[in-house]
Amino acid sequence: MSELTNKEIGEKGCCDIIEIKGLNKWYGDFHALKDIDLNVKEGEIIVVCGPSGSGKSTLIRCVNFLEKFQEGSILVDGTELTDDVKKIRQVRSEVSMVFQHFNLFPHLSIIDNLTLAPIWVHHETKQEAREKALKLLDRVGIKDQAEKYPNQLSGGQQQRVAIARSLCTSPKIMLFDEPTSALDPEMISEVLDVMIELAKEGITMLCVTHEMGFAKKVADRVIFMDEGQVIEQNTPEKFFENPESERLQLFLDQILTQ
Amino acid sequence: MATYSLKETKQPPKSQTKAVLWLKDNLFSSVTNASLTFIALYIIYLLLPPILNWTIFDANFDLTADNDSCGREGACWSFINANFKMFIYGFYPQEELWRVNTMFGIIAALVALGSLLKSSQYRAHFIIGSFLIYPVVAFVLLYGGLGLEIVETDKWGGLTLTVVVAAVGIIASFPLGILFALGRQSEMRVVKFISVVYIEFVRGVPLITILFMASVVLPLFFSAGMDFDKLLRALIGITLFQTAYIAEVIRGGLQAIPKGQYEAADAAGLSFMQKTMLVILPQALKISIPNIVGSFIALFKDTTLLLIIGLFDMLAIVGAATSNSNWLGRDTEGYVFVAMVIWVILYSMSRYSKRLEVRFSTEHK
């Protein structure tokens, strides 16, 4: 595993906003994450890739405690994740997540999907939440659909709504769990464009994706995982041009020659 | 580059005669279908004339006729007219009937007000408020107190009793059913265990048994002075029974909610209560509407079992009315009338559930 210095990563932030130490997770007997150590700096854009079953989704789902882990520690913005419900909610109020299958609330209109957490978790007034939500919808280009319901939109539109929803609470960290994998090919770019815009704004992003173009364009660091371990991490240039391990070499050959 | 032009969208071809085409498609599409159609027509031919003769053509519509002058060829509808008050109010005292009417009147008024407030932001407040306050008002009106003369529950009967029992059963079992459904899903082992035991026990026992337990066995445990109202015991029995069924229906709805909904709610930082009330339950209840209403319809029919523990619901009134020597042998009229009233009520419930489904639908229209 290559150790990166601050200089290589770039001049992003001064402090680690996520500190993962010695993380181990099992599903029953299956060892899903093995001794993961990972520090993420404020404002850093990290892309996590790897074959399916490599534990990449599990890793980022540990960060907002959607997955429990048995060993190790995770510190998010100074709060340690334990079973303490208060701390979990504290972390979740600063960390937003975008899912592969969007997971919008189908019984609520688009605007209500966006304002739910701001009103109930962050105690904003309806008026405030609504104004902010409309601005965000405008930014992702679907302001005119605000009163519709999720099932009335296309997949790409739904995912853009989901991104707007996760931005509504002004999170410090955004987690993306394969945000484009469930989309029709025609709609992938409209979602990636939104994500690229976001990346430019300095929000910390942890992104599981197979979109290598996206990784090359915006990532500060690309992480390769296999069988529950971090095999290799590097700046995108080195990651794609000089992969150190054979395993990564093979993986890159396979996905880049598709 | 190859050029192409988009084709115009056209209307579907028009059929010459719609009625003929409909018949062909739906009633005579195949030999089997055609023969079934003829068999059905024959059955209608056999059944319909006698029914119509009895209810209408041979019936006596003279509402002042007595049992003898009515004749026996067809229905004697003056029986219903003469006993109408008993069918509706049971043995409720004549001079206090206005209280029952007021109770029904207030329901009608509340429903009308509710639909007027359809687009108002206070609609939810209004509905919740009604559900909290109305039962108290209804109880005082029916039972008495606050200056109204007390009417003991053994005088209640007929449609009034049926509606009271069904309404109490429905309104009380709904929130309890939700609690037990959530309890059965709970990660807390004790809560889950209690819920499972309760639901499985009650579902494994017929309603009659529970009513018997409530009316006969329960009093054995109390000393003579502590005996409490028979109707109240029946209400508790019915509510306990209905709760288990509603819980299972709602659990079905809960299980249909994808895991992603829980995760999205968790990830947004919602608390357990918020997640349940704002995200999970609204969806689970929406899916469950047809089954919930189905369960309520079954409950409404089950109220007729009250007759077994000596309460006079509308069905029992038929027996009471025809045991009067003035109206011997008019059971058929009574049962047909009761069947019609209950059918109208239940069919309205079923239509209303259909309307709710459409209203809550957020699918692509």
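The values are calculated or read from the model by the stated rules, or taken from the named source; none is laboratory data. Note that this is a predicted model, so its numbers are computed, not measured. Counting neighbours? That spans all protein chains shown, and the Cβs are built from the backbone with ideal geometry, glycine included. Surface accessibility is based on the protein's heavy atoms, side chains included, excluding ligands, DNA and RNA. Shrake-Rupley method; radii C 1.70, N 1.55, O 1.52, S 1.80 Å.
The charge dipole of the range B:126-262, taken about the Cα centre with unit charges on the Cβ atoms of Lys, Arg (+1) and Asp, Glu (-1), comes to about 580 debye, rounded to the nearest 20.
Straight distance only, please: which lysines reach the Cα of B:K230 with their own Cα at less than 26 Å, same-chain residues fewer than 8 apart left out? Answer for B:K230, where 26 Å is the Cα cut-off: B:K85, B:K155, B:K301, listed by chain and number.
Within the range A:65-96, the residues that become at least 40 Å² less accessible when every protein chain is included than when their own chain is isolated (1.4 Å probe; DNA, RNA and ligands ignored) are A:L66, A:R89, A:R92. Rounded to the nearest 10 square angstrom, B:W54 shows an accessible area of 60 square angstrom against a 1.4 Å probe.
From the Cα gyration tensor of chain B, with a ≥ b ≥ c the square roots of its eigenvalues, which class applies: rounded if a/c is under 1.5, or else prolate if a/b is larger than b/c, or else oblate? Oblate, because a/c is 1.5 or more while a/b does not exceed b/c.
Does chain A classify as rounded, prolate or oblate by the C-alpha gyration tensor (a ≥ b ≥ c root eigenvalues; a/c under 1.5 gives rounded; else a/b over b/c gives prolate, otherwise oblate)?
Note, shape of chain A comes out prolate.
With a threshold of 25 Å on the Cα-Cα distance, the over-threshold entries among A:K21/B:K259; A:K172/A:K216; A:K21/A:K41; A:K217/A:K238; A:K25/B:K192; A:K21/A:K217 are A:K21/B:K259; A:K25/B:K192; A:K21/A:K217. Comparing A:L183, A:L136, A:Q233 along the charge dipole axis of chain A, the residue lying farthest to the positive side is A:L136, per the Cβ-charge model.
A Gaussian network model of chain B, with springs between Cα atoms under 10 Å, assigns the largest mean-square fluctuation among B:Q185, B:Q242, B:Q11 to B:Q11.
For the range A:39-136, the per residue solvent-accessible surface stands at 41 Å², with DNA, RNA and ligands left out and a 1.4 Å probe. Running a GNM on chain B with Cα contacts under 10 Å, which residue among B:V31, B:V216, B:V191 ends up with the highest mean-square fluctuation? Residue with maximal mean-square fluctuation among B:V31, B:V216, B:V191: B:V31. For the range A:24-41 versus the range B:159-214, the spacing of their alpha-carbon centroids is 44 Å.
Ranking A:F69, A:F239, B:F193, B:F174 from most to least accessible surface, computed with a 1.4 Å probe over the protein chains only, gives B:F193, B:F174, A:F69, A:F239. Centre-to-centre, using Cα atoms only, the range A:68-130 and the range A:186-234 are separated by 21 Å. Taking amide hydrogens as placed 1.01 Å from N in the peptide plane, the amide H of A:S93 sits under 5 Å from that of no residue at least 5 positions away in sequence or on another chain. For the residues of A:115-128, the average number of beta carbons from a partner chain within 10 Å of their own beta carbon is 2.
Tell me what the protein assembly as shown gives for mean residue ellipticity at 222 nm when only DSSP H runs of n ≥ 4 count, each as -39,500 (n - 2.57), the sum divided by the residue total, rounded to 500 deg cm²/dmol. It comes out at -17000 deg cm²/dmol, rounded to the nearest 500.
Spread over its residues, the convex hull of the C-alpha atoms of the range B:1-104 is 317 Å³ per residue.
Of all DSSP-defined beta bridges confined to the protein assembly as shown, some 55% are antiparallel rather than parallel. Take chain A, connect every pair of alpha-carbon atoms lying under 10 Å apart with a spring to form a Gaussian network, then pick out the residue of A:C15, A:C207, A:C49 with the largest mean-square fluctuation. In this elastic network of chain A, the residue with the biggest mean-square fluctuation among A:C15, A:C207, A:C49 is A:C15. At the residue level, B:C70 shows approximately 10 square angstrom of accessible surface with a 1.4 angstrom probe and all protein chains present. Per-residue Karplus couplings for the range A:221-227, computed as 6.51 cos²θ - 1.76 cosθ + 1.60 with θ equal to phi - 60°, are listed in order as 8, 10, 10, 10, 10, 8, 6 Hz, Gly and Pro entered as x. Extension gain, A:E80 to A:T257, is 59.6 nm, computed as 0.36 nm per intervening residue step minus the present C-alpha separation. Of the residues B:T17, A:T257, B:T153, A:T82, ranked by 1.4 Å probe accessible area with the largest first, the sequence reads A:T257, B:T17, A:T82, B:T153. Starting from the Cα gyration tensor of the range B:130-171, take the square roots of the eigenvalues, sort them a ≥ b ≥ c, and report rounded, prolate or oblate (rounded when a/c is under 1.5, otherwise prolate if a/b is larger than b/c, else oblate). Here the range B:130-171 falls in the oblate category.
Less than 5 angstrom separates the built amide H of A:T204 from those of A:G43, A:M174, all sequence-distant by 5 or more or on a different chain. By the Cα gyration tensor, the protein assembly as shown has an equivalent ellipsoid whose semi-axes, rounded to whole angstrom, run 64, 32, 22 from largest to smallest.
Within a 10 angstrom radius of each residue's Cβ in B:278-285, how many Cβ atoms of other chains show up on average? Whole number is fine.
3
Work from the charge dipole of chain A (Cβ charges, +1 for Lys and Arg, -1 for Asp and Glu, about the Cα centre) and give the residue of A:I17, A:Y149, A:S54 farthest towards its positive end. The residue sitting most towards the positive pole is A:Y149. Between the residues B:G253, B:V344, B:T55, the greatest Cα displacement towards the positive end of the dipole of chain B, with unit charges on the Cβ of Lys, Arg, Asp and Glu, is found for B:G253. Ordering B:M188, A:M195 by accessible surface, largest first, gives B:M188, A:M195; the 1.4 Å probe counts only protein heavy atoms, with every chain in place.
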